[in-house]
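A.B. asks: Pasting a structure here, questions to come.
The values are calculated or read from the model by the stated rules, or taken from the named source; none is laboratory data. It should be emphasised that the depicted structure is a prediction, and the values quoted were computed from it without experimental measurement. Backbone-built Cβ (ideal geometry, glycine too); neighbour counts: all protein chains shown. The accessibility values were calculated without ligands, DNA or RNA, using every heavy atom of the protein model including side chains. Shrake-Rupley method; radii C 1.70, N 1.55, O 1.52, S 1.80 Å.
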Amino acid sequence: MEQIYLDHAATTPISKEVLETMNEASLNAFGNPSSIHSFGRNARKLLDDARAVIANAIGAKEKEIIFTSGGTESDNLALIGTALKNKARGKHIITTTAEHHAILHAAQFLETEGFDVTYLPVSETGTVSPDDLKAALRDDTILVSIMFANNETGVIQPITELSNILEDHGAYFHVDAVQAFGTFEINVKELGIDLLSVSGHKISGPKGIGFLYAGENVAFAPLSYGGEQERKHRAGTENTPGIAGLAKAVELAAAHRAENRAKYRSCRDTFIKRLTEEEIEYSVNGNLDELIPSTVNISFPGTNVEQLLVNFDLSGIAAASGSACTAGSHEPSHVLVAMFGTEDERTKNSVRFSFGSLNTEEQAAEAAGRIAKIVRRLAKRR
Ligand SMILES: Cc1ncc(COP(=O)(O)O)c(C=O)c1O
């Protein structure tokens, strides 16, 4: 039986070109970028080149890119770093109830440190209302953190509208673009974004590497202390092979964005069409036309998520509930609770399917056929 991987939102397989770039960097640029000799200079050049590729991809300056260990660290640095540095200006932060735990748990930490956090609600289709943001803004608001696309549902937030509201306010705008970066071209200047989080392993790059874009006017404190790497924003010898791999992944994502979008969308469309043809009961969480093309979160009435995932796995289909980081816990997804409330069945019978480089339309149709069989059997038992 063919194994079908529909969990690209959890992580993506690394691309061969990225791996080759990393091997090359490991073997031939192994020096410490802080060393002054030729080995160090060689590694420093690799770092500088990678930074230039990434800055160019998002319309930023090279000095505005800070390499991190991934999305979680970028989110933490964005939230906690700016909060600590700007607390004299104010201690109010705005985010949403549907953010990734890297944001929510960082925000909860800040609450214990005396910051006041407003969690904006999301609608039943998962979006934040610009009016709610407008109403929540205060003179002492120092930071607004809203994700580009949700990791569980794929729902895209109205980033331009939200950014426009902040135009005349002193609060920084942080955007977690970990899920969107692979399929959306993001120009931080055009979108009015002050801080942006991106992770390598969601874009066919290496795990444990990512970057934070922080505009040159953004003041933020480091979270680690030691050497003076990353312009004193992130101490520690740089992960040069990972950084080279990340830059290659960013370059490839930019070069193939349109074709990847089309491919993922056609896989998803085929998948949904086949579910409909199979005449099983299902509903999409969120509006299909407000989702990133790779992801869809689907509720199957009369089933429950643990049963579904175990049976999908037995039939060779890898899918997920909630975010990968909380997989294994039986708590209903906080994102679906934010959309539907605690009592709604959809919080307990929904699965995320996320398409990517490993998939074909044929596979998507085959997966939907297997899923329909399982759902029919489980829903009948009710
Ligand atoms: C929206 C979002 N933010 C942050 C993260 C954390 O990224 P990383 O796994 O690179 O730490 C994830 C990973 O699932 C994510 O989907």
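A.B. asks: Name the residue, out of 306, 281, 277, that is more than 20 Å from residue 340 (Cβ to Cβ) and surrounded by fewer than 16 Cβ atoms within 10 Å (Cβ to Cβ).
C.D. replies: 277
A.B. asks: Please tell me if residue 202 is at pLDDT below 95 and open to solvent by 10 Å² or more (accessible area, probe 1.4 Å).
C.D. replies: no
Condition check ((1) of a type outside the set (Gly, Ala, Ser); (2) touching a helix residue (DSSP H, G or I) at 6+ places or on another chain (Cβ under 8 Å)) across all residues:
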position: 106; (1), (2): no, yes
position: 127; (1), (2): yes, yes
position: 138; (1), (2): yes, no
position: 144; (1), (2): yes, yes
position: 149; (1), (2): no, no
position: 165; (1), (2): yes, yes
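Here's the yes/no breakdown for (1) within 22 Å of the chain's Cα centre (by Cα); (2) closer than 19 Å to residue 199 by Cα:
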{"residue": "11", "(1), (2)": "yes, yes"}
{"residue": "22", "(1), (2)": "no, yes"}
{"residue": "36", "(1), (2)": "no, no"}
{"residue": "43", "(1), (2)": "no, no"}
{"residue": "59", "(1), (2)": "yes, yes"}
{"residue": "70", "(1), (2)": "yes, yes"}
{"residue": "76", "(1), (2)": "yes, yes"}
{"residue": "80", "(1), (2)": "yes, yes"}
{"residue": "89", "(1), (2)": "no, no"}
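A.B. asks: Where residues in segment 73-85 are open to solvent by 10 Å² or more (accessible area, probe 1.4 Å) and either more than 8 Å from the ligand (Cβ to nearest atom) or free of Cβ contacts under 8 Å to residues at least 60 places away in the same chain (or both), which of them is farthest from residue 337 (Cα to Cα)?
C.D. replies: Among residues in segment 73-85 that are open to solvent by 10 Å² or more (accessible area, probe 1.4 Å) and either more than 8 Å from the ligand (Cβ to nearest atom) or free of Cβ contacts under 8 Å to residues at least 60 places away in the same chain (or both), the one farthest from residue 337 (Cα to Cα) is 85.
A.B. asks: Given the criterion open to solvent by 30 Å² or more (accessible area, probe 1.4 Å), within 16 Å of the ligand (Cβ to nearest atom) and either closer than 30 Å to residue 32 by Cα or not in a loop (DSSP other than H, G, I, E, B) (or both), identify the matching residue among 223, 196.
C.D. replies: Every option except 223 fails the conditions.
A.B. asks: Then there is this: Can we say residue 246 is within 16 Å of the ligand (Cβ to nearest atom), open to solvent by less than 40 Å² (accessible area, probe 1.4 Å) and assigned to a helix (DSSP H, G or I)?
C.D. replies: Criteria met by residue 246.
A.B. asks: Could I ask something else about it? For segment 86-101, enumerate the residues that are away from the ligand (no atom under 14 Å from the Cβ) and not in a loop (DSSP other than H, G, I, E, B).
C.D. replies: Matches in segment 86-101: 86, 92, 93, 94.
A.B. asks: Right, here's the next one. Would it be correct to say that residue 97 is surrounded by fewer than 23 Cβ atoms within 10 Å (Cβ to Cβ), within 30 Å of residue 321 (Cα to Cα), touching a residue at least 40 places away in the same chain (Cβ under 8 Å) and under 19 Å from the mean Cα position of the chain (by Cα)?
C.D. replies: Taking the combined requirement at face value, the residue satisfies it.
A.B. asks: With the structure loaded, tell me whether residue 109 is within 16 Å of the ligand (Cβ to nearest atom), touching a residue at least 24 places away in the same chain (Cβ under 8 Å) and surrounded by fewer than 20 Cβ atoms within 10 Å (Cβ to Cβ) or whether it fails that test.
C.D. replies: yes
A.B. asks: Report the residue count in segment 24-43 for those that are within 16 Å of residue 252 (Cβ to Cβ) and open to solvent by 70 Å² or more (accessible area, probe 1.4 Å).
C.D. replies: Adding up the residues that qualify gives 1.
A.B. asks: Looking only at segment 314-339, how many residues end up being modelled with pLDDT under 65 and surrounded by fewer than 17 Cβ atoms within 10 Å (Cβ to Cβ)?
C.D. replies: Here the count works out to 7.
A.B. asks: Now a separate question. Answer with yes or no whether residue 255 is hydrophobic (A, V, I, L, M, F, W, C) and open to solvent by 20 Å² or more (accessible area, probe 1.4 Å).
C.D. replies: It is true that residue 255 is hydrophobic (A, V, I, L, M, F, W, C) and open to solvent by 20 Å² or more (accessible area, probe 1.4 Å).
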